[in-house]
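Heads up: the structure comes next, in structure tokens.
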Amino acid sequence: MIIGSLGSLAGVLFAVIIGLAVGLIAAILGLFFGNIILFDSIALAIISGVLCHSFLTIHSAFVLIIGIVVFVLLYLVQRTRFGFWIIGGLLSLLWGFVFSIFAYGFTNGDTVWAYVIWGLGTLFMLILHIRAKAKQ
């Protein structure tokens with residue numbers, strides 16, 4: 001009787017964990033497609049904090065401040081006309097390159113697919129950036 005109850009509890013707990021994981025993934029994808037400018041700023045703030053902590057061995061409290069400053073600066077710069085085109089264009093190229101790395105791996109090293117996906121991925125990300133800018 002107790003073993004059955006523990007099994008049921010474990011099943012419910014597992015379902016809750018799966019539900020939370022799916023919800024988190026959906027929230028991240030929604031942010032990615034819904035407001036790429038905010039997503040880029042958050043991602044680069046996290047990356048800059050991790051890099052500062054890992055390579056420069058900066059204290060965690062300062063890393064938090066650095067991450068917040070990077071987030072605010074990137075978000076504010078992307079809200080300007082010139083900053084948007086510079087940062088949005090560079091990040092679109094970067095995202096396209098990330099997509100091309102996946103294409104290169106999935107096609108067993110086919111460089112033609114990698115370049116095509118890089119171009120299409122960059123175009124797609126540029127469109128997402130323009131849509132996010134129009135919403136602001």
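A short reminder: the numbers here are calculations on the coordinates, not readings from a lab. Source: prediction; values computed, not measured.
Computed values, structure above
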| item | result |
| --- | --- |
| The range 50-117: C-alpha gyration tensor shape, a/c 1.5 cut-off, then a/b vs b/c | oblate |
| C-alpha long axis of helix 2-34 to longest principal axis of the chain, angle in ° | 10 |
